[in-house]
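Notes to accompany the following structure.
The values are calculated or read from the model by the stated rules, or taken from the named source; none is laboratory data. Keep in mind that this is a model prediction, so the values were computed, not measured. Every residue, glycine among them, receives a Cβ derived from its backbone with ideal geometry; neighbour counts consider all protein chains shown.
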């Protein structure tokens, strides 16, 4: 399945009937809800549809996963609560936002830690990802082996470009509901406001905040370019989505069905990674054509600022020696 930019940004909604009621739906032994916060045109939802269809076929209709995209079932915080209570069985959530419940899950989002995708996947498919999944399991949630990609995050603004750390001073920026994000932008002397994704567009439109930060794929699919002028290529954080299952619901699946479901979720996650990387690589031209003004930045300046502001040493103390050592084995010395 090859995903074109046109399909993702314009016509994908017609290919994604959500929830997905398939030929086997009526006789499913397990009908599970999967919720997420992204538009139906995002690669996550296109690959999720493919995944659900494959699971339904391979289990001969025994497992039917219904997809609820675009905050249909509430905000990130609402859906995390529903996942924990069993109201929904699957949910994809940024490890940074999951930090409300599992503080250790934020470690993959440490500012300016990952220089490139090669470093990301070596860490997240390896020792760092395994360490995080073990912490998630302690909260009765099961994280699939392959984290899905959200991409490297960029900074957008309606008022000015962000070129150096000094440009963040006093800057009113929307951040997700996550202590790590708030902490990082406060270290830059910005004024971060924690706002759920469902409210981002309206907050920018009404000037509650001047700017926000997201990967280009989300800036495009959520049409944030309509309410933002500048896009600074800060690459300040890599962000991914853990594919989470309610532990009780997961354990209700017999081992053979667990294997089929996990295999297909992980395989679709790897495909979604390629989709997002390709999309983010091509979107700068598309967004510039829609009026966004782009500028490059020097990561070393921002990393040095965070180091001098004790951002890394503060978070090392929060994550503990073990977690921080795993991170630095993956990305090199930070603190």
Inspect region 292-302 for any residue being in a helix (DSSP H, G or I), assigned by TED's automatic domain parsing to the domain that holds residue 215 and modelled with pLDDT of 95 or more and give the result as yes or no.
yes
Give the number of residues within region 183-199 that are surrounded by fewer than 22 Cβ atoms within 10 Å (Cβ to Cβ), part of a strand (DSSP E or B) and modelled with pLDDT of 95 or more.
2
So, in region 49-79, exactly how many residues are touching a strand residue (DSSP E or B) at 6+ places or on another chain (Cβ under 6 Å) and part of a helix (DSSP H, G or I)?
4
Check off (1) buried (at least 17 other Cβ atoms within 10 Å of the Cβ); (2) touching a helix residue (DSSP H, G or I) at 6+ places or on another chain (Cβ under 9 Å); (3) in a helix (DSSP H, G or I) for residue 212 and give me the number that stays unchecked.
(3)
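Quick grid of which residues meet (1) assigned by TED's automatic domain parsing to the domain that holds residue 143; (2) within 26 Å of residue 294 (Cα to Cα); (3) assigned to a helix (DSSP H, G or I):
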{"site": "231", "(1), (2), (3)": "no, yes, no"}
{"site": "244", "(1), (2), (3)": "yes, no, no"}
{"site": "265", "(1), (2), (3)": "yes, no, yes"}
{"site": "272", "(1), (2), (3)": "yes, yes, yes"}
{"site": "278", "(1), (2), (3)": "yes, yes, yes"}
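With respect to residue 212, is the statement that it is assigned by TED's automatic domain parsing to the domain that holds residue 83 and under 29 Å from residue 83 (Cα atoms) true?
Details: assigned by TED's automatic domain parsing to the domain that holds residue 83: no; under 29 Å from residue 83 (Cα atoms): yes.
The answer is no for residue 212.
Could you identify the single residue in 186, 223, 172 that is more than 19 Å from the chain's Cα centre (by Cα) and over 30 Å from residue 320 (Cα atoms)?
Sole residue among the options that is more than 19 Å from the chain's Cα centre (by Cα) and over 30 Å from residue 320 (Cα atoms): 172.
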Please specify each residue of region 80-121 satisfying the condition of being within 30 Å of residue 333 (Cα to Cα), touching a strand residue (DSSP E or B) at 6+ places or on another chain (Cβ under 7 Å) and part of a loop (DSSP other than H, G, I, E, B).
114
Would you point out the residue of region 134-182, among those that are in a helix (DSSP H, G or I) and either modelled with pLDDT under 95 or touching a strand residue (DSSP E or B) at 6+ places or on another chain (Cβ under 6 Å) (or both), that is nearest to residue 42 (Cα to Cα)?
181
Test each condition in (1) in contact (Cβ under 8 Å) with a residue 60 or more places away in the chain; (2) within 30 Å of residue 288 (Cβ to Cβ); (3) surrounded by 22 or more Cβ atoms within 10 Å (Cβ to Cβ) for residue 164 and report the one that comes out false.
(3)
